[in-house]
Each structure stands twice: as C-alpha cells, then as structure tokens.
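J.: Have a look at this one.
We did not get these values from a lab; they are worked out from the coordinates using the rules stated. Keep in mind the model is a prediction, meaning the values are calculated, not measured.
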C-alpha cells in the first residue's frame with residue numbers, strides 16, 4: 001500500500017500555470033471580503049501609492065542606465081578577496 005501524500009506547510013511546493021485550485025463559495029467570499037477590507041484602509045492606500053512611486057523611479061533609473069547617465073558601481077567585495 002502506497003503512502004498517502006499529505007501537505008506539510010514547512011515544505012515548498014510548485015504548480016503550473018494551467019493548474020486549478022477550487023474554492024467554495026464561502027472560501028471565495030472570505031478571501032474577497034478580506035482583501036477588500038485590507039485594501040480599503042488608509043495604510044494600504046499609502047503602500048499602494050508607494051509601490052507605484054517605486055515603479056516610476058525604477059523605470060526612470062532603468063532609462064538613465066540605458067542612456068549612460070547612471071553607471072554601475074563595481075562590486076568592491078570581489079576586489080577584497
């Protein structure tokens with residue numbers, strides 16, 4: 001008799017983009033309402049705004065690197081070895 005596979009929260013798992021996970025209506029409602037409650041807070045609004053600002057500044061830095069304005073700093077750790 002083969003051993004039954006059981007979930008261990010201490011292990012990492014993987015799945016493919018085509019795999020499906022099924023939620024009951026109650027589970028879906030809980031997840032949806034929880035996300036809505038968290039995202040409607042002032043702190044969430046600030047964090048989402050900060051994330052958007054980060055995207056803008058990363059994009060600006062990326063263009064500056066591509067245009068030769070910002071230059072990579074050599075890793076000094078390798079030089080000390």
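J.: Could you work out how much longer the chain between residue 41 and residue 18 gets when fully extended? Use 0.36 nm per residue separation minus the Cα distance between them, nm to one decimal.
T.: Roughly 5.0 nm would be gained on extension.
J.: What is the spread of the Cα atoms of region 25-70 along each of their three principal axes, largest first, in whole Å?
T.: Ordered largest first, region 25-70 gives principal extents of 54, 22, 7 Å.
J.: Where does the chain land at 222 nm, in deg cm²/dmol rounded to the nearest 500, when only DSSP H runs of n ≥ 4 count, each adding -39500 (n - 2.57), divided by all residues?
T.: Values: 3 runs with 44 residues, N = 81.
Dividing the helical sum by the residues of the chain leaves -17500 deg cm²/dmol.
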